[in-house]
Amino acid sequence: MPLSFWAQTNYGIIINNGEDKPVTDQNHTDVMGDQTVQYNGQGTLILNGATLKSITIDPTVFTKDSLIIYLKGENSIINDVNGVANAIIYNGSNRKVNFATGDGSTTALQPGTLNCSYVSATTAKKLFGDNITISYSNNLAASLKNNTATITAAMIPLVTDNKKEQINEGDGQGIGEEIMDYIDNNLSGMTDAEITGAFGQGITINKILYVLPHDNDGYLIMGDDNVLCLNSQMSDGTVEEVAQKLYDGDIIPGSEDFKNSFHGLCFLLPAGEGEIVLDVNTGATGELHVMVGIDEPVTITGKTEFETVTIPYLVDADTYVLIYSTANVVDASRVFDSHRAPGKKMMNTTTLKKVGVSARSVCSAPEPPVSPKTLTKSDMVAPILYGGQYTNFDMVKVEDTDVASIADDAFEGLTDVTCLDLSATGITGLTIDRDIKPWNYLPYSAFIYLPTGNKVKEGQQNVVIGDVCMNAELLEDNPFEITKDFTAKNIELKRNFKELEGKKCTIMLPFALDETTAAKLGTFYEMVDGGASDGNDGKVHMETVAETIANWPYMFKPADIDFINLDMVKVEAATEAPEYIINGMTFKGCFEKTTIESNGSANYYCFVDDQFVRVIDNSVTVKTFRAYMTADAGAGSFSNTLDIEWGDGTTSIKNMKVGTDNNIYYDLQGRRVLYPQKGIYIVNGKKVIIK
């Protein structure tokens, strides 16, 4: 009989609650068996209403620089050991314990607390060992006084270093730094050749790698007026070849091959979104091109004085940016005499004073798993997933940092899944191709989340890397569910608005529209209170709105558009379909196709040909990203069509009444028609023509 065994990983953390409980890969998701102590496998111990006697960290096993103790709610350490003792022990020198709280999702964060006390009154007892450095300590006592102490952790969200950088320096303050400021502060005294040579090897400023390669003739030089002068011109085709090599990993910035093939500025953007900020002067005829990854370059021209230009970016992986000049016209006034390349004719010079990055979000790749695992088909019924058995749920979320790979049959049978969230795993290095296993088991409309460090096959939709989706496609015949917000570089709602020319419809979008974008798409209306005099009159009052919010139902009169197709859109998750009630009228949006069953006593209304029509003696399916209306039985006197008063001065078109006992429409074959369009029908035994 074969011997079966498994290796157990010890994380080097011991929790004592009467007896020592080592934290291992087998129990780290629930160390004490009551969800009060968890360890994420990557340096963070989570206390959630825990009552303990001590926490001991073994630095020979736990080799990270610091331990983060993340506090949720009220926690306590009650140490009743006689003599001198510490409640939190981390032996060795230069050890750090960081306290954190809050998840960053709300402005009203509630700090967790840790109450510490000793049964004995011995004053020599301490909360921490002698060699521990405490940080995030705006309200933190390192020693016990009167046998008790309370730690209220600093209001610092539990995030990665990159996320901390975003919080501390983002929102316009920038992760990048002015290049010339760096030169002034760090490279003073160097010659132009020495400075450009140093940059040619690459200099990292606040995690952004900057490279300024040049040839020995000095095509790329530093000007005396504290600017970068891009004298050398490059064609878009040549730069596209360089960009593709960077993307494929066939060339490295700072290498001789790179310096010989590209003359310009190159730096590495962190995965996420934000803006590239340039202070540029192109002269009257110069052109500066900015290529992000392998996208089409952005052209900057006509800047006869230094002017700040911002270029939005959205990248799902760390991405190189190439900045280069394409000017061909000589402009002697723009060339510094002392920096002309020997033996070269003068050329128009494009100059830069500042180059930086303002990152609104930064996505960091997961740390390597401690005990790598492969996600298998049998794992997909584990309790870590939404909904239990995979035949009974729509959304799946795997929360295991040790998952590093996926078996080919892992998702077999998940044909109804709307969202698969693997962002909390340790998976990296994959290229997602939805036409091959394991991804082809999932519906194409389902959204897939993965951590940064993975790629998506070009042209494929609905894959979120970090918090970035390069292409999102919304389908009216498929349900829409996502686990968390993301930003889409491009998003399209597949709905034919051409057939609605001159008409209105219902709509609900999972993203907000600003005033400019909303106006380009058409006119949006929101249901409002018609006033006290019109309170329960059975009318629907609609007012135009200049901008919209995400996941909210509206009436919509489209402009001359085929589809809704937008760039750089933040898509927002919602836990349930939205609805709002005014004077007994409920306007409700749909995240999936919703069938409204016929019921003579129910007041359900669907929007057809510019009016809400009551559903009687039949059933109607409302598609995803649309809305319908219901009316409370006591809200007023309701007919089979609702009067609509539009805020733009128009009124509803009431050219037919559908579903009443006296106006039942049949086609020429004798079949009941709930919503007749143009054609010939039989009504009350007579032919009726709708034009």
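The values are calculated or read from the model by the stated rules, or taken from the named source; none is laboratory data. All values reported here derive from a predicted model rather than from experimental measurement. Virtual Cβ from ideal backbone geometry, glycine too; neighbours counted across all protein chains shown. Surface accessibility is based on the protein's heavy atoms, side chains included, excluding ligands, DNA and RNA. Shrake-Rupley method; radii C 1.70, N 1.55, O 1.52, S 1.80 Å.
Here are the numbers:
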| read-out | value |
| --- | --- |
| Selection within the range 241-258 - more than 21 Å from Gly429 (Cβ to Cβ), open to solvent by 30 Å² or more (accessible area, probe 1.4 Å) and at pLDDT below 85 | Ser255, Glu256, Asp257 |
| All positions within the range 551-574 that are closer than 19 Å to Asn462 by Cα and under 23 Å from the mean Cα position of the chain (by Cα) | Asn551, Ile564, Asn565, Leu566, Asp567, Met568, Val569, Lys570, Val571, Glu572, Ala573, Ala574 |
| Residues being in a loop (DSSP other than H, G, I, E, B) and crowded, with 20+ Cβ neighbours inside 10 Å - total across the range 446-463 | 5 |
| Count of residues meeting criterion [closer than 14 Å to Lys354 by Cα, hydrophobic (A, V, I, L, M, F, W, C) and surrounded by fewer than 18 Cβ atoms within 10 Å (Cβ to Cβ)] in the range 273-308 | 1 |
| Selected residue (criterion: surrounded by the fewest Cβ atoms within 10 Å (Cβ to Cβ)) from residues of the range 398-414 that are assigned to a strand (DSSP E or B) and among the small types (Gly, Ala, Ser) | Ser405 |
| Unmet requirement for Val613, which otherwise passes all of (1) open to solvent by 20 Å² or more (accessible area, probe 1.4 Å); (2) within 21 Å of Glu499 (Cα to Cα); (3) part of a strand (DSSP E or B); (4) at pLDDT below 80 | (1) |
| Some residue of the range 431-438 being β-branched (Val, Ile, Thr), open to solvent by 20 Å² or more (accessible area, probe 1.4 Å) and within 14 Å of Asp316 (Cα to Cα) | yes |
| Residues of the range 43-69 satisfying the condition of being of a type in the set (Lys, Arg) and closer than 14 Å to Asn16 by Cα | Lys53 |
| Residue within the range 540-549 that is of a type in the set (S, T, N, Q), touching a helix residue (DSSP H, G or I) at 6+ places or on another chain (Cβ under 7 Å) and surrounded by 16 or more Cβ atoms within 10 Å (Cβ to Cβ) present | yes |
